[in-house]
1. Here is a list: GLY107, GLY98. Which entry is surrounded by 24 or more Cβ atoms within 10 Å (Cβ to Cβ), on the phi > 0 side of the Ramachandran plot and in contact (Cβ under 8 Å) with a residue 60 or more places away in the chain?
2. Can you tell me how many residues in the range 522-556 are touching a strand residue (DSSP E or B) at 6+ places or on another chain (Cβ under 8 Å) and either on the phi > 0 side of the Ramachandran plot or free of Cβ contacts under 8 Å to residues at least 40 places away in the same chain (or both)?
3. Residues in the range 463-470: is at least one farther than 24 Å from ALA73 by Cα and free of Cβ contacts under 8 Å to residues at least 24 places away in the same chain?
4. Of all the strands (runs of 3 or more DSSP E) wholly in the range 466-529, which have at least 3 residues that are more than 22 Å from the chain's Cα centre (by Cα)?
5. Run down ARG488, ARG477, ARG443 and say which single residue is farther than 30 Å from PHE584 by Cα, of a type in the set (Lys, Arg) and touching a strand residue (DSSP E or B) at 6+ places or on another chain (Cβ under 8 Å).
6. Among the listed residues PHE109, PHE69, PHE79, identify the single one that is modelled with pLDDT under 95 and of a type in the set (A, V, I, L, M, F, W, C).
7. So ARG11 clears everything in (1) in a helix (DSSP H, G or I); (2) at pLDDT 95 or above except one condition, right? Which one?
8. Regarding the range 190-201, can at least one residue be identified that is at pLDDT 95 or above and under 19 Å from ALA247 (Cα atoms)?
Amino acid sequence: MEINLKEKMNRYLVIMIAAMFVASCGKDPKEASNLPEEKTYPNILLLVGDDIAFGDLGIYGSEIKTPSFERLAEAGVRFSNFHASPVCSVTRSMLLTGCNNIEVGLGSFDYSFYPESKGKPGYEGYLTENAVALPQLFNDAGYEVYKSGKWHLGGEAAGGYPPLHWGFTREFGILSGGSNHWNNLRMTPDFSDPDFINKKFVEHWTLNGEPYERPSGIYSGEIYTNQMLNFIKEGEAAGKPWFAYMAFTTAHFPIQAPPELVDKHFEFYLEKGYAGLKQYRYERLKKNGLISEVSSPAPENDLVKKWEELSEDEKRYQARIFATYAAEIEDQDRRIGQILDYLQESGQLDNTLIVYLSDNGPEGMEAENPNTGNAVFGEWVDKNYDTSFEAIGTAESSNYIGTSWANAATGGLSWWKWFIGEGGVRVPMVIVPPGAFNNEYARSGEISNAVMSVKDLPMTILDYAGIEHPGSQYKGREIVMPSGISARPFLDGKSEIVRSDNDWYAFELFGNAYLMKGNYKLMKVRKGMFGDGEWHLFDVVSDPSESKPLEQDKPEMYEEMLSLYKNYEKEHNLVAVDEDWNAFKAASEAN
């Protein structure tokens, strides 16, 4: 009996050990990643367009057909009063942290500094560790965290950290602000090279932190999207939810696109010209309820050229460039459709929160313009690229839409990228909550003029994922508390607003500043950036063109909002900028 008992005990132990081994090997991925089994965790798809205007998408009144954006808009909510920053990396710093740009190092950005701000806290020009980023929090929660496309928040010679430092488990793309859409060449020269004017430069591409040999002849939208889909497919085996940051470089210059998408747009832009397109889009925006029916057209801008003053050859050249820009947007729509189709086929679409936004308004830079251009850059383009009509859109070309097309692209808004007028900061934004594609979401297809800041998006995303922000401490270090507000109560139908009339947010870049409170915007543009240096008050819901100043009609509101901004300025130690300083001229002279 003793021998039999020992044998039984040994057998029992072997069985128990084997069972434990099998159980550990087959452990539920959610349990392995500290995600409770009983909860359904949504996937997150964060889509970012580059330099796309408020009026550029079909769902915002554009003539450009964007059926994939239609799918998003029909399922979710289109926002018509959403504000980003006027430049790329500054927006991205707020998008990934929920903080003000000055709090996380982006009071200036990598290739444009006000000289007196260099070395000051908040003006590092890259994302600093003063905050915790969304990818870190999703990584901590057990998500797979992917990035494909543009980074532009640090990791190169200018300082800062690449994506893997910030919690991404997989990454692909470029660290800089853009590149040639067809090959591995940089979009700008390396001005530090003594002979830069006579040669092209190679962009730094990485795949999971390692150098990547980018093949030529594959368009940027295709290569970025295919890699993101590879990440998602590879991660499915792990059974974990995922956070995907899909950062396109369309429609950033150089203006290049698949040729089959360009021809269809050419005649339309040749017929409309600059003013004709702006009026067309303004009327469409108003008709579709995306700007107020009582709004006025944007006032004329002295920096904008007159279409009728161009020669016939110049008109054809300009129409071809903007047709190529339209093709960039169309390709982005096609790539978003590619992702949506895969998520639908794989049964993941209905459990995915989708957010789309542009990082700022359209780029108005043109090298030959002494007010908003960089003559040295223009000389480099002329020496190294094919500037013929036939080359437009190819890898051998390097074009930009310029001031006049940028002004036209915004429809009823004023100004464009780099500027804090609505054309520079009001951009397309769509949110599709999890489950909205099943036709049971109450707000499906709505257009909302609820006031929202880019800072609100990370808080909304965390809210849907059920991830709590750590506040002012993260892994033993002090961090900045985010000031964004979750839009989930609005999206879930529990509120009709995102921000109340008492909620406000402020922004400053290069001494140009604004403060939003309710529907009202208090703003100041320095003389060096073509303003008058005075503070003006606008109701940007009824007056999105900012043509009717209200400071005389609402003096109490004006004073209250100005006081709020002055306190913000003092609290964040904003560097005062000389009234006549011009960021464009400074960049040109520095080169």
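The values are calculated or read from the model by the stated rules, or taken from the named source; none is laboratory data. Not measured: the values here are computed from a predicted model. Cβ coordinates were reconstructed from backbone atoms using ideal geometry, including for glycine residues, and neighbour counts include every protein chain displayed.
1. Working: GLY107 fails: on the phi > 0 side of the Ramachandran plot.
The unique qualifying residue is GLY98.
2. Just the residues of the range 522-556 that are touching a strand residue (DSSP E or B) at 6+ places or on another chain (Cβ under 8 Å), to begin with: 522-526, 529, 531, 533-540, 544, 546, 548-551, 554.
Next, only the ones that are either on the phi > 0 side of the Ramachandran plot or free of Cβ contacts under 8 Å to residues at least 40 places away in the same chain (or both) stay: 524, 531, 533-539, 546, 549-551, 554.
Looking only at that region, the number is 14.
3. Within the range 463-470, one or more residues are farther than 24 Å from ALA73 by Cα and free of Cβ contacts under 8 Å to residues at least 24 places away in the same chain.
4. Working: elements: 504-509, 512-517, 520-524.
Per the criteria, 520-524.
5. Numbers: ARG488 fails: touching a strand residue (DSSP E or B) at 6+ places or on another chain (Cβ under 8 Å); ARG477 fails: touching a strand residue (DSSP E or B) at 6+ places or on another chain (Cβ under 8 Å).
Residue meeting the stated conditions: ARG443.
6. Working: PHE69 fails: modelled with pLDDT under 95; PHE79 fails: modelled with pLDDT under 95.
Of the residues listed, the single one that is modelled with pLDDT under 95 and of a type in the set (A, V, I, L, M, F, W, C) is PHE109.
7. The single condition ARG11 does not satisfy is (2).
8. For the range 190-201, residues at pLDDT 95 or above and under 19 Å from ALA247 (Cα atoms): absent.
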